[in-house]
Amino acid sequence: GLCYFADNMLKDAGRSFDGATVVISGSGNVATYACEKATQLGGKVVAMSDSNGYVYDAEGIDLSLIKQIKEVERKRIKEYVQRKSNAQYFEGCAKIWTVPCHIALPCATQNELDVEDAVRILANDVRYYVEGSNMPATAEALKLLRLSPKILTAGAKASGSGGVAVSALEMAQNSIRYNWTPAEVDQKLRNIMSSIYDASAAAAEEYGLGYDLI
């Protein structure tokens, strides 16, 4: 859902994930499957993190390895560099925002970004800041990002609502005693996120807020 929302932002600017560099904080469910979808859409995810630090892989994050480490072995993300010799590990998860990228997807935890992190994002080549985790930025950090003319921001209430949307689809299936295929659910989710994006953009225009999706 997060990546579908971001994809709509990109399309409105005549762009796409194709060829874009992406940084994703976290390595839990939201981050892992944001990585999967961003890659499917043509992006290259170069960094992910956990609460101890982050890994940087210029060749693109090996998602199958991330899943093996985090979902199967339940180990720390620093294990990644033990198996990918070209990757680098850095202590301190917040410093992941020093990695240059076009698209920043915070997917770790609430208040993971403070003003210092927002300054790091603005200092890089970031053009799209799209929230996956619930309120990942402090109020001061988000204000700084929203005021910047070079970066487009999306708040988690909209961009991170895919989980709630799919829960509603699950309830609908239970209610009518019916099973949709994964492909059908994925398409319904894509349509839902597009509708949420369109409503957000239309409201901003209607109330004279420019392109303030929040």
Inset, instruction - Find, to one decimal place in angstroms, the Kirkwood hydrodynamic radius of the range 1-96, where the mean of 1/r is taken over every pair of different Cα atoms and then inverted. - result: 13.5
Legend entry - Anchor LYS75: lysines whose Cα lies under 20 Å away (excluding residues fewer than 8 positions away in-chain): LYS67, LYS84
Legend entry - Mean residue ellipticity (222 nm) of the chain, computed from DSSP H runs ≥ 4 via -39,500 (n - 2.57), nearest 500: -13000 deg cm²/dmol
Inset, instruction - Might you work out the accessible area of MET135 for me, using a 1.4 Å probe with all protein chains in place, and round it to the nearest 10 Å²? - result: 100
Inset, instruction - Let me see the pair-distance distribution of the chain: every alpha carbon pair, 10 Å bin width, integer percents in order. - result: 8, 35, 36, 17, 4, 0
Inset, instruction - Could you pull the accessible area for LEU142 with a 1.4 Å probe, rounded to 10 Å²? - result: 30
Legend entry - Probe 1.4 Å - accessible area at CYS107, Å² to nearest ten: 10
Inset, instruction - Can you tell me which of 69-79, 181-191 comes out highest on packing, and rank the rest after it, using the mean Cβ neighbours within 10 Å? - result: 69-79, 181-191
Legend entry - Percent carbon-and-sulfur accessible area, the chain, ignoring ligands, DNA and RNA, probe 1.4 Å: 51
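The values are calculated or read from the model by the stated rules, or taken from the named source; none is laboratory data. None of the values given here were measured: they were computed from a predicted structure. Every residue, glycine as well, gets a Cβ built from its backbone with ideal geometry; the counts of neighbours run over all protein chains shown. Surface accessibility is based on the protein's heavy atoms, side chains included, excluding ligands, DNA and RNA. Shrake-Rupley method; radii C 1.70, N 1.55, O 1.52, S 1.80 Å.
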